[in-house]
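Undergrad: Have a look at the structure that comes next, please.
The values are calculated or read from the model by the stated rules, or taken from the named source; none is laboratory data. Predicted, not measured: the structure shown is a model, and the values here were computed from it. No Cβ is skipped: glycine too gets one built from the backbone with ideal geometry, and neighbour counts run over all protein chains shown.
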Amino acid sequence: MTDAPPVRRRVLGAALRRFREQAGCTLDDAARILDCDRSKISRIENGQRGIRATELEDLLAEYGVDEPRRGALLTVARQPRQGGWWQSHSHVRDDTHHGFIGLGGADTTICAYEAHLLPGLLQTGGYARAIAAASLVDEGHGEHEQFVQARLAQQHVLTRAHHPLQFWAVLSEGALRQMVGGRDVMRTQLRHLIDISDRQRNVSLQVLPFSAGAHAATSGPFVIIKFPDAPDLAVVYLEGQTGGIYLHGGDEVARYTRAFEHLRATALSTGATMRLIEEIAADT
């Protein structure tokens with residue numbers, strides 16, 4: 001666990017700092033629990049170093065953290081090192097994104113808003129290849145294919161037999177009409193959206209139509225990762241051209257959660273969404 005990717009280290013560290021302060025413990029108190037110096041605790045809380053499972057359990061027990069939150073943090077910490085699936089067009093090897101999929105384990109809900117492209121979890125191979133060819137301009141065919149295969153491999157979180165990821169996406173109508181990869185690719189992609197929504201009860205899609213006008217997410221796409229049993233561990237991911245920003249403050253997460261609820265209320269129903277996707281597919 002000491003080699004956990006930076007994103008998970010930051011999430012774990014921020015949570016440990018919050019729990020320590022809520023318990024009224026100082027850095028010196030935490031250091032005594034682990035029999036270490038306070039600089040180690042500081043580095044853990046800042047995400048600069050990892051923490052072993054036994055150390056994490058000891059701190060959480062001493063801070064009086066309840067079982068759901070302890071379980072959620074241990075799940076985050078124990079996830080294998082894998083590349084992220086959520087980004088629309090970032091490089092598959094971007095260290096900023098590595099390990100974020102670790103926050104999407106069992107008993108996790110993902111809420112995503114996309115304005116221009118479809119979420120990586122919903123992309124077909126043809127669509128992902130078109131994204132790779134357009135965005136990885138300094139890379140060759142091998143790197144493009146690596147991008148595609150990594151993206152497709154991550155999609156098992158939606159279809160696995162046990163504890164599939166709960167995924168709710170609000171998509172701008174523009175994301176459906178953007179001609180990525182040509183007509184054949186887009187027609188196949190749109191049919192895939194209909195198919196996965198029909199097959200997977202854990203996947204819910206809504207479209208924000210052009211007619212909705214101004215809305216709660218005009219600032220851009222975002223992803224919210226939630227643990228139903230530990231809502232205060234939620235994280236927001238904001239994607240950039242060269243990396244991502246991760247927000248885990250309670251007020252920040254609450255603001256994006258409210259924005260997503262407004263988007264859901266403004267968007268078409270799931271039934272109307274499927275009808276619109278079918279219409280666009282037929283016209284493509």
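Undergrad: Scan GLY13, GLY64, GLY47, GLY24 and give me the residue that is within 22 Å of PRO231 (Cα to Cα), surrounded by fewer than 16 Cβ atoms within 10 Å (Cβ to Cβ), of a type outside the set (A, V, I, L, M) and touching a residue at least 24 places away in the same chain (Cβ under 8 Å).
TA: GLY64
Undergrad: Does LEU263 satisfy being assigned to a helix (DSSP H, G or I) and either surrounded by fewer than 19 Cβ atoms within 10 Å (Cβ to Cβ) or in the same structural domain as THR109 (by TED's automatic domain parsing) (or both)? Spell out how you get there, then give the answer.
TA: Numbers: assigned to a helix (DSSP H, G or I): yes; either surrounded by fewer than 19 Cβ atoms within 10 Å (Cβ to Cβ) or in the same structural domain as THR109 (by TED's automatic domain parsing) (or both): yes.
Yes, satisfied.
Undergrad: Next up: So for the stretch 158-166 (the condition being within 27 Å of LEU16 (Cα to Cα), assigned by TED's automatic domain parsing to the domain that holds MET274 and buried (at least 22 other Cβ atoms within 10 Å of the Cβ)), does at least one residue qualify?
TA: yes
Undergrad: Kindly provide the set of residues from the stretch 19-72 that are within 21 Å of ARG8 (Cα to Cα) and among the acidic types (Asp, Glu), ordered by number.
TA: Passing the criteria: GLU21, GLU45, GLU55, GLU57, ASP58, ASP66, GLU67.
Undergrad: In the stretch 120-143, what count of residues is obtained for those that are under 22 Å from the mean Cα position of the chain (by Cα) and not small (Gly, Ala, Ser)?
TA: 8
Undergrad: Another one. Of all residues in the stretch 114-138, count the ones that are surrounded by 17 or more Cβ atoms within 10 Å (Cβ to Cβ) and of a type in the set (Asp, Glu).
TA: The qualifying residues number 1.
Undergrad: Restrict the check to the stretch 168-186 and report whether at least one residue is of a type in the set (Phe, Trp, Tyr), closer than 22 Å to GLY240 by Cα and surrounded by 22 or more Cβ atoms within 10 Å (Cβ to Cβ).
TA: Within the stretch 168-186, the subset of a type in the set (Phe, Trp, Tyr) is 168.
In the following step, the residues that additionally are closer than 22 Å to GLY240 by Cα were identified as 168.
Add one more test, that the residue is surrounded by 22 or more Cβ atoms within 10 Å (Cβ to Cβ), and what stays is none.
Scanning the stretch 168-186, I find no residue that is of a type in the set (Phe, Trp, Tyr), closer than 22 Å to GLY240 by Cα and surrounded by 22 or more Cβ atoms within 10 Å (Cβ to Cβ), so the answer is no.
Undergrad: Report yes if some residue within the stretch 217-230 is more than 17 Å from SER172 (Cα to Cα), assigned by TED's automatic domain parsing to the domain that holds ILE110 and small (Gly, Ala, Ser); otherwise report no.
TA: Checked the stretch 217-230: at least one residue is more than 17 Å from SER172 (Cα to Cα), assigned by TED's automatic domain parsing to the domain that holds ILE110 and small (Gly, Ala, Ser).
Undergrad: Here's another thing I want to ask about it. Of all residues in the stretch 144-178 being free of Cβ contacts under 8 Å to residues at least 40 places away in the same chain and not in a helix (DSSP H, G or I), which is nearest to GLU261 (Cα to Cα)?
TA: PRO164
Undergrad: Within the stretch 176-189, is there a residue that is in the same structural domain as ALA115 (by TED's automatic domain parsing), touching a Pro at 6+ places or on another chain (Cβ under 9 Å) and over 25 Å from PRO68 (Cα atoms)?
TA: The answer is no; no qualifying residue exists.
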